[in-house]
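Asks: My structure is below; once you've seen it, I'll send some questions.
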Amino acid sequence: MSETLRTLQETIRERQAHPREGSYTCQLLAAGQTEILKKVGEEAAEVVVAGALEGKERLVYECADLIYHLLVALASQGLSWEEVEAELRRRFH
């Protein structure tokens, strides 16, 4: 796991454990799993549009948004990015 992903995951977990007023992450977590997954879907669609129509810079931007929202979705279920990486490794063996 990269240091950037580790830091982001830790920040999300921190917000989950100690909500802060005005935090977008806290708002997402408070909204619940259904709303979080809607955001994941919206971000995935934005990745598709960016990749097809908006160029590389926009694609990178939208992929970052998608990864953030995926991390929030995982945290809301008590899961981690390491579990996703473990599944990816399992698929290679």
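The values are calculated or read from the model by the stated rules, or taken from the named source; none is laboratory data. Only a predicted model underlies this, so the values are computations on that prediction, with no experimental measurement involved. Cβ atoms come from the backbone with ideal geometry, glycine included; neighbour counts cover every protein chain shown. What goes into the accessible areas is simple: the full protein's heavy atoms, side chains included, and nothing from ligands, DNA or RNA. Shrake-Rupley method; radii C 1.70, N 1.55, O 1.52, S 1.80 Å.
Asks: For the chain, which fully contained helices (runs of 4 or more DSSP H) count at least 1 residues that are touching a residue at least 60 places away in the same chain (Cβ under 8 Å), in contact with a Lys or Arg (Cβ under 7 Å, 6 or more places away or on another chain) and among the small types (Gly, Ala, Ser)? Walk me through how you get there before you give the answer.
Replies: On the way: elements: 3-17, 24-31, 33-49, 56-76, 81-91.
Result: 56-76.
Asks: Could you check the stretch 47-60 and list, in sequence order, the residues that are open to solvent by 70 Å² or more (accessible area, probe 1.4 Å) and either more than 21 Å from Val84 (Cα to Cα) or over 16 Å from the mean Cα position of the chain (by Cα) (or both)?
Replies: Hits for the stretch 47-60 are Val48, Ala52, Leu53, Glu54, Lys56, Glu57, Arg58.
Asks: Here's something else I'd like to know. Being over 13 Å from the mean Cα position of the chain (by Cα), surrounded by 13 or more Cβ atoms within 10 Å (Cβ to Cβ), under 16 Å from Leu79 (Cα atoms) and of a type outside the set (Ser, Thr, Tyr) is the requirement here; does Gln27 meet it? It would help to see each step written out before you state the result.
Replies: Working: over 13 Å from the mean Cα position of the chain (by Cα): yes; surrounded by 13 or more Cβ atoms within 10 Å (Cβ to Cβ): yes; under 16 Å from Leu79 (Cα atoms): no; of a type outside the set (Ser, Thr, Tyr): yes.
No: the conditions fail for Gln27.
Asks: So, one more: Against the condition modelled with pLDDT of 95 or more and exposed (fewer than 15 other Cβ atoms within 10 Å of the Cβ), how does Thr34 come out, does it pass? Steps first, please.
Replies: On the way: modelled with pLDDT of 95 or more: yes; exposed (fewer than 15 other Cβ atoms within 10 Å of the Cβ): yes.
Criteria met by Thr34.
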